[in-house]
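Written below as structure tokens is the structure these notes are about.
The values are calculated or read from the model by the stated rules, or taken from the named source; none is laboratory data. Everything quoted here is computed from the prediction, not taken from an experiment. FYI the Cβ positions are ideal-geometry reconstructions off the backbone, even for glycines, and counts take in every protein chain you see.
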Amino acid sequence: MTEAAELPPAPEQAREVFGDRFADAVRYAELLAEAGVQRGLIGPREVPRLWERHLLNCAVLSEVVPENVTVCDVGSGAGLPGIPLALVREDLKITLLEPLLRRTNFLSEVVELLGLDHVTVVRGRAEEVMGTLQPVHVVTARAVAPLDRLATWGIPLLRPYGEMLALKGDTAEEELKASATALSKLGAVGTSILQVGEGVVDPLSTVVRVEVGESPGGVRFAAKRAKAARVGRARRRR
């Protein structure tokens, strides 16, 4: 392991955030630093800042996720933000949705190793699982795509009156303005930019919240969702 790939000790904030799951968070960080780098899931230069930039940055998303809801982490990759969120919120039912086999293999290994019984790994693209994946209360995402494109994948997976929570950086406000028309067509009824992680991460984590009404994805996706549901019911009858 090169010097650039050495994992630093966990900061004190990690003990506070992860609580009883702190040891599991450390093991996850070690897996990212070792197998995650070896398999090309994260770059070796990210290892020295795994705690602040990745694990804690994602874990503080829990501040704005409602209690006892279902969550789909779209484009979960190496499990960010889904796995840190799962470690701090055992009340959630979380699906890690990822299309690439090498990533889903890694995610499945992590879920089993850490005993995350409330987490399910699904291989597929968001547009492919519509009708087979039960609509969720919350969709999460981090570093997947620009907001307008991400919304076309994530919003149709929501239940009526659900919300998409996207971890973004300095471009959050700009992306939100540029996506206003697209979000409206997808059934969004409210948007906001939230700052979370005070006392834990610096800078604070930026979250774009998109709330939907009774037709997540808009009219076009409502028809597509209904068709997928009919096909699913027909298959189950066979």
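Results, tabulated for the structure shown:
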read-out	value
Search result, residues across segment 39-97 that are of a type in the set (Gly, Ala, Ser) and touching a Phe, Trp or Tyr at 6+ places or on another chain (Cβ under 6 Å)	none
Residue within segment 50-60 that is touching a Pro at 6+ places or on another chain (Cβ under 9 Å) and not in a helix (DSSP H, G or I) present	no
Only listed residue being under 20 Å from the mean Cα position of the chain (by Cα) and not charged (D, E, K, R), chosen from Leu7, Leu50	Leu50
The lone exception for Leu183 - which of (1) over 26 Å from Thr104 (Cβ atoms); (2) of a type in the set (A, V, I, L, M, F, W, C); (3) in contact with a Cys (Cβ under 8 Å, 6 or more places away or on another chain) it fails	(3)
Residue check, Pro66 under 28 Å from His137 (Cα atoms), modelled with pLDDT of 95 or more, surrounded by fewer than 18 Cβ atoms within 10 Å (Cβ to Cβ) and of a type outside the set (Phe, Trp, Tyr)	yes
Tabulated pairs, segment 55-68, first within 28 Å of Ala33 (Cα to Cα), second among the hydroxyl-bearing types (Ser, Thr, Tyr), C-beta under 7 angstrom, 6+ apart or interchain	Asn57/Ser205; Val60/Ser205; Leu61/Thr140; Leu61/Ser205
Matching strands (runs of 3 or more DSSP E) fully within segment 84-174 where at least 3 residues are over 14 Å from Cys72 (Cα atoms)	158-168
Some residue of segment 38-45 being buried (at least 21 other Cβ atoms within 10 Å of the Cβ) and either closer than 21 Å to Gly197 by Cβ or of a type in the set (Asp, Glu) (or both)	no
Given (1) touching a Leu at 6+ places or on another chain (Cβ under 8 Å); (2) within 23 Å of Leu96 (Cβ to Cβ); (3) crowded, with 18+ Cβ neighbours inside 10 Å, number of the condition Leu176 does not satisfy	(2)
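Here is a yes/no grid of residues against (1) within 18 Å of Val64 (Cβ to Cβ); (2) in contact (Cβ under 8 Å) with a residue 24 or more places away in the chain; (3) out of contact with any helix residue (DSSP H, G or I) (no Cβ under 7 Å at 6 or more places or on another chain):
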{"residue": "Val129", "(1), (2), (3)": "no, yes, yes"}
{"residue": "Arg142", "(1), (2), (3)": "yes, yes, no"}
{"residue": "Asp148", "(1), (2), (3)": "no, yes, no"}
{"residue": "Thr152", "(1), (2), (3)": "no, yes, yes"}
{"residue": "Pro156", "(1), (2), (3)": "no, yes, no"}
